[in-house]
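Undergrad: Let me begin by handing over the structure; questions about it come next.
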Amino acid sequence: MEARPRIGAHLSVAGGGLAGAAVRARELGADIFQYFPKNPRSYRPKTVDKDELRRQADQAARLGIESVAHSPYVTNLSTVDENLARLTRDSIVNDLEIAGACGSAYLIVHCGRYVEAGAERGREAMVAAVREILSRYEGDCRLLLENTAGQGTELGQTLEELAELVRVIGVDERLGICFDTCHAYAAGVLDFGDLDGFVRKWYETGMDKLVKVIHLNDSKYGFASHKDRHEYLGRGMIGRENLARFLRRPEFRTIPWLIETPVADESEYAGEISLARELAGE
Ligand SMILES: [Zn+2]
Ligand SMILES: [Zn+2]
């Protein structure tokens, strides 16, 4: 097995900031970590001291730790509500600016929920929102759309749908995808009964070029349950054996893996990261 995978987890930057989280990532055995650029329940653009963020980003880089940002959950790219759409766009542009100053290569956003507007109008709203966001942002942090479990009215469940969204939005190479294993399993997309078929579809839909980050999570609920509940690695419905089969495929080893399992304390991520390495045959 050629590439040594880069593995990490979602960490808090409250208190110690980016540099503190990078030190903790090191202690946990991580190569990379994910963080919220601002309060995950808030849209409000945050004013930051970019020079200070750059200093902290340099400290993280000196430790050899990479970072990836994740937008607040409250944003909704598919809403047809004008006020919420504007708040979402402003918030994500602000997140890209913060993430860029933090030296993060990627900002992950959830695909939208169209609620009562219907899938077609929701998709149109999302296309317009992402185009506007990337036209307003001049840096080089990339925006990654995350696949969903298909709860309620969420867009972006299947690989075909994600590929089509990226194609239609069509702005520039700053748009990519974050692939979550729990969401894909719950959406009925990541089928361990036919992993070869899944990998074939991965290439057919261009995921080998589009996916820049993998969210590595087990799932509390079953295949095609459409319920998004993460579970500790190996303790959910995907299980150790299937995770190991996934992690040993060469396609997935060159993409960083970020763990977002329901740990009670971040120190538990040390065990999750070493288990991921073990399952990957490291
Ligand atoms: Zn995720
Ligand atoms: Zn999730």
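The values are calculated or read from the model by the stated rules, or taken from the named source; none is laboratory data. Please read these numbers as outputs of a predicted model, since none were measured by experiment. We place every Cβ from the backbone using ideal geometry, glycine too, and count neighbours over all the protein chains shown. In case anyone asks, the SASA skips ligands and DNA or RNA and just uses the protein heavy atoms, side chains included. Shrake-Rupley method; radii C 1.70, N 1.55, O 1.52, S 1.80 Å.
Undergrad: Quick one: count up the residues across region 158-182 that are within 14 Å of V109 (Cα to Cα) and within 16 Å of ligand 1 (Cβ to nearest atom).
TA: Result for region 158-182: 6.
Undergrad: Right, next: Identify, please: which residue in region 43-90 is among the polar types (S, T, N, Q) and loosely packed, with under 14 Cβ neighbours inside 10 Å and is, among those, modelled with the highest pLDDT?
TA: N83
Undergrad: Return yes when I259 is among the hydrophobic types (A, V, I, L, M, F, W, C), under 16 Å from the mean Cα position of the chain (by Cα), farther than 27 Å from I169 by Cβ and modelled with pLDDT of 95 or more and no when it is not.
TA: Yes; evaluated as a whole, the condition is true for this residue.
Undergrad: Please find, among A276, A184, the residue that is without any contact (Cβ under 8 Å) to a residue 60 or more places away in the chain and either open to solvent by less than 10 Å² (accessible area, probe 1.4 Å) or in contact with a Cys (Cβ under 9 Å, 6 or more places away or on another chain) (or both).
TA: One residue alone meets the criteria, A184.
Undergrad: Just name the residue that is nearest to C182 (Cα to Cα) out of those in region 225-250 that are among the aliphatic types (A, V, I, L, M) and more than 20 Å from the chain's Cα centre (by Cα).
TA: M237
Undergrad: Tally time: how many residues in region 179-198 are part of a helix (DSSP H, G or I) and within 14 Å of ligand 2 (Cβ to nearest atom)?
TA: Going through region 179-198 one residue at a time, the tally reaches 6.
Undergrad: Considering each of G170, G176 in turn, give the residue that is more than 15 Å from ligand 2 (Cβ to nearest atom), open to solvent by less than 10 Å² (accessible area, probe 1.4 Å) and either modelled with pLDDT under 95 or touching a strand residue (DSSP E or B) at 6+ places or on another chain (Cβ under 7 Å) (or both).
TA: That would be G176, the only listed residue that is more than 15 Å from ligand 2 (Cβ to nearest atom), open to solvent by less than 10 Å² (accessible area, probe 1.4 Å) and either modelled with pLDDT under 95 or touching a strand residue (DSSP E or B) at 6+ places or on another chain (Cβ under 7 Å) (or both).
Undergrad: If you don't mind, another one. For region 228-282, which positions are assigned to a loop (DSSP other than H, G, I, E, B) and under 14 Å from P5 (Cα atoms)?
TA: Selection gives R248, R249, T254, I255, P256, A280, G281, E282.
Undergrad: Just checking, which of A264, A187, A280 is within 20 Å of L144 (Cα to Cα) and of a type outside the set (D, E, K, R)?
TA: It is A187.
Undergrad: Oh, and also: Contact list please: Cβ distance under 6 Å, first residue in region 31-48 and under 26 Å from L216 (Cα atoms) and part of a loop (DSSP other than H, G, I, E, B), second residue open to solvent by 30 Å² or more (accessible area, probe 1.4 Å) and among the charged types (D, E, K, R), pairs at least six apart or on different chains.
TA: D31/R6; K38/K46
Undergrad: Residue by residue through region 247-271, note down the ones that are within 13 Å of N217 (Cβ to Cβ) and either open to solvent by less than 40 Å² (accessible area, probe 1.4 Å) or among the basic types (K, R) (or both).
TA: L247, W257, L258, I259, E260, T261, V263, Y269
Undergrad: While we're here: In region 124-143, which residues are in a helix (DSSP H, G or I) and surrounded by fewer than 22 Cβ atoms within 10 Å (Cβ to Cβ)?
TA: E124, V127, A128, R131, E132, L134, S135, R136
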